[in-house]
Structure formats: C-alpha cells, structure tokens
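Worksheet: the structure to be examined is printed underneath.
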Amino acid sequence: MAWYCSGSTNAELVENLFNEGLIKDERVKEAMMKVDRAHYAPSRPYSDSPQPIGHGATISAPHMHGHACEYLINYLRPGSRVLDIGSGSGYLTHVLANLATDSTSPDTNGGHIVGVEHIPELVDLANRNMSKSEQGRKFLESGRVKFVAADGRLGWKEGGPYDVIHVGAAAEELHPVLVEQLRCPGRMFIPVESGNGGGVLGSLGVGGGQYIWVVDKKEDGSIHKEKVFQVSYVPLTDAPKK
Ligand code: SAH
C-alpha cells in the first residue's frame with residue numbers, strides 16, 4: 001500500500017508516485033498528469049486509495065493504475081488498440097487513451113480504446129466523467145474512445161485484435177477468449193484468483209489469493225504467461241440482477 005503517495009493536487013499525487021518509484025516511465029507520468037482524477041473520483045480524488053463510485057464498484061488506487069500502465073507501456077504507442085475490461089469510472093481508459101495517442105497529432109495518429117463495463121449506469125458515468133475535460137470530449141466525439149455495456153469475460157471482438165488488454169477485476173481464469181483477442185505481439189494485464197479449485201492445495205484452501213498475470217502473445221503467436229505480484233481486486237462477475 002502506498003497511501004503516503006497521496007497529494008493535495010493531481011500533479012502532487014502523480015509526482016509522489018513517481019518519486020516513490022511506483023511510476024517509473026516518463027510517458028506514464030505525463031499521461032497520468034493529463035487526467036484530473038477529480039473528474040473520476042470526486043470524494044477524495046488525490047488519495048492513493050480505492051474510492052467508491054456507486055453501484056458497489058470502486059475506482060482502483062492510483063498506484064494500481066500506475067502499475068498497470070508500467071507493465072503495458074511497451075505495447076502502448078500512438079495508434080495502439082486497447083481493451084479496458086471493468087472500466088468503471090473510466091479513469092484508466094482515459095490514461096490508456098493518452099498513451100495510445102500522439103498528442104501533437106491526435107487526429108491522424110490516435111489509437112482506439114474500448115472500455116467494457118457490465119453495469120450500464122457505470123457506462124453512463126464513465127461517459128459523463130470523460131466529458132468533463134475538453135480532451136476527454138474529443139476522444140469520445142472522434143470515436144477513439146468508447147464505453148460499452150457487456151460482459152468483459154467475453155472481451156469485445158469487434159474492436160480487436162488488441163495490442164493491450166487491461167482487466168480491472170479479478171478473473172477466475174486466464175480466459176482463453178481474451179488471449180485470442182490479443183494481437184501478435186500483444187500483452188494482457190489480468191488479476192486472477194488462485195487456489196480455488198486448482199489442485200490439492202487449492203482444495204485445502206491453501207495458496208489462494210489473487211495475482212496479476214502478464215500474458216504475452218509473441219509475434220509468432222506463441223503465448224508466454226508470468227505471475228507477477230499479489231493483489232486484491234473485486235471479482236469479475238455476472239452482472240447484478242435488476
Ligand atoms: N478500472 C476501473 C474499475 C475497477 S472496479 C477504475 O479504476 O475505475 C472493477 C469494475 O469491473 C467494476 O466497475 C465492475 O462493475 C466491473 N465488472 C465486474 N465484473 C464485470 C464483467 N463480467 N464484465 C464487465 N465489467 C465487470
């Protein structure tokens with residue numbers, strides 16, 4: 001946990017994350033500087049902790065957003081295609097859109113970013129949040145960023161294949177359908193539950209917890225998976241019943 005990175009402004013928060021080494025890449029820093037968290041986490045925007053956004057969902061802590069971008073940065077270039085599953089507030093979708101767009105020539109050199117969220121009210125919220133800044137409005141109006149209401153466990157085939165897939169809620173498995181939607185080369189960042197059902201240790205409830213997995217699809221189509229660190233995310237679930 002890195003609550004001591006909290007700041008009194010967006011710039012201070014991002015600077016603190018950078019000084020503590022939680023963000024290392026200048027491009028990630030710049031992309032986070034350009035998105036005011038107050039548009040996405042109104043109650044305590046510059047606190048380095050998750051915040052409630054309604055409908056039982058939270059915006060993840062800034063250091064988790066930073067970590068995700070750090071792991072994905074080498075796959076994020078102007079023109080990249082990006083899928084953000086469990087897009088919630090829309091904050092990370094906006095940062096990823098910055099990383100997939102050349103800010104000096106956004107019209108000709110911009111990527112396409114799809115945020116998938118299964119609670120329709122949160123899709124509306126993400127659209128409203130992104131509309132609070134001029135840059136966010138441009139992303140939406142140009143169609144470079146769009147939010148869709150769907151079950152993220154199925155990905156979003158029509159926007160792919162993706163250079164980057166970010167999953168913002170814990171999956172039960174490394175859903176093969178998501179790996180299929182990665183480009184060659186492409187990278188997925190996904191929290192996965194472990195220990196529930198898998199093997200003897202799992203059945204004893206030993207070795208559980210959630211871990212971030214980084215899944216790379218290489219140029220030749222081969223897959224490389226790596227378990228990188230332990231986390232605590234809300235689960236990827238069925239949509240709540242009305
Ligand atoms: N990355 C976002 C939200 C993280 S919370 C942010 O930082 O703001 C995880 C989000 O995943 C919640 O908004 C939740 O509604 C969504 N979610 C959970 N299961 C889902 C599913 N099967 N498909 C799509 N979204 C899902």
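The values are calculated or read from the model by the stated rules, or taken from the named source; none is laboratory data. Keep in mind it's a predicted model, so treat the numbers as computed, not measured. Reconstructed Cβ throughout: ideal geometry from the backbone, glycine too, with neighbour counts over all protein chains shown. The protein model used for the area step is the full one, side chains on, heavy atoms only, and it has no ligands, DNA or RNA in it. Shrake-Rupley method; radii C 1.70, N 1.55, O 1.52, S 1.80 Å.
In whole Hz, what ³J(HN,Hα) sequence does region 95-102 give by Karplus (6.51, -1.76, 1.60; θ = phi - 60°), x for Gly and Pro?
5, 5, 5, 4, 6, 9, 9, 8
Show the residues, 5+ positions off or on another chain, whose built amide H is closer than 5 Å to the amide H of VAL148.
Result for VAL148 returns GLY115, VAL116, GLU117.
Can you give me the accessible area per residue for the chain, using a 1.4 Å probe, in Å²?
Per residue, the chain has an accessible area of 46 Å².
Which lysines have a Cα less than 26 Å from the Cα of LYS34, not counting those fewer than 8 places away in the same chain?
Once the sequence-local lysines are set aside, what remains near LYS34 is LYS24, LYS132, LYS138, LYS146.
Around TRP213, which amide H atoms from residues at least 5 apart in sequence, or from another chain, sit under 5 Å from its own amide H, with H modelled in the peptide plane?
ILE190, VAL192, VAL228
I want the local charge near GLY115. Using Cβ-Cβ distances under 9 Å, sum +1 for each Lys or Arg and -1 for each Asp or Glu among the other residues.
Charge balance near GLY115 sits at -1.
Could you tell me how far the Cα centroid of region 123-170 sits from the Cα centroid of region 212-242, in Å?
Result: 18 Å between the Cα centres.
Considering only protein heavy atoms and a 1.4 Å probe, what is the carbon-and-sulfur percentage of the accessible area of the chain?
Taking all protein chains in place, the chain shows 52 percent carbon and sulfur surface.
Obtain the nm distance between the two label points defined at VAL214 and GLU158 by a simple spin-label model: each point lies 7 Å from its Cα along the Cα-to-C-beta direction.
For the pair VAL214/GLU158, the computed spacing is 3.3 nm.
Run the simple label-point estimate for GLU173 and ASN74 please: 7 Å along Cα→C-beta, distance reported in nm.
Distance between label points: 2.9 nm.
List the relative contact order of region 79-136 as a percent without decimals, with contacts defined as Cα pairs under 8 Å and 6+ residues apart.
Once normalised by length, the contact order is 45 percent.
Rounded to the nearest 5, what is the percent of antiparallel bridges among the DSSP beta bridges in the chain?
About 50 percent, rounded to the nearest 5.
Let me have the relative contact order for the chain, percent, based on Cα pairs under 8 Å that are six or more residues apart.
Dividing the mean separation by the residue count of the chain yields 14 percent.
For the chain, give the magnitude of the charge dipole about the Cα centre (Cβ charges: +1 Lys/Arg, -1 Asp/Glu; no others), in debye to the nearest 20.
It works out to roughly 260 debye.
What does the charge count near TYR4 come to, summing +1 for each Lys or Arg and -1 for each Asp or Glu among other residues with Cβ under 11 Å from its Cβ?
Overall, the nearby charge balance is -2.
Collect residues whose amide H, placed 1.01 Å from N in the peptide plane, falls under 5 Å from the amide H of ALA100; neighbours closer than 5 in sequence don't count.
none
Based on a Kirkwood Rh over C-alpha pairs, give the Stokes-Einstein translational diffusion coefficient of region 1-141 at 25 °C and viscosity 0.890 mPa s in µm²/s.
Translational D for this selection: 164 µm²/s.
Convert each backbone phi in region 146-151 into a coupling constant with the Karplus relation 6.51 cos²θ - 1.76 cosθ + 1.60 (shift: θ = phi - 60°), then list the ³J(HN,Hα) values in order as whole Hz, x for Gly and Pro.
Karplus values, whole Hz, x for Gly and Pro: 9, 10, 10, 8, 6, 7.
Return the sequence-ordered ³J(HN,Hα) values of region 54-71 in whole Hz as given by the Karplus equation 6.51 cos²θ - 1.76 cosθ + 1.60 applied to θ = phi - 60°, using x for Gly and Pro.
x, 6, x, 9, 10, 8, 5, 5, x, 5, 6, 4, x, 4, 4, 5, 4, 5
How far apart, in nanometres, would the label points at ARG44 and ASP107 be if each is projected 7 angstrom from Cα along the Cα-to-Cβ direction?
4.4
With no solvent and one equal point scatterer placed on each C-alpha of the chain, evaluate the Debye formula and give log10 I(q)/I(0) for q = 0.14 Å⁻¹, two decimals.
The Debye formula, applied to the Cα set alone, gives -0.88.
Excluding ALA149 itself, calculate the net charge of residues whose Cβ lies under 10 Å from the Cβ of ALA149, where each Lys or Arg counts +1 and each Asp or Glu counts -1.
-4
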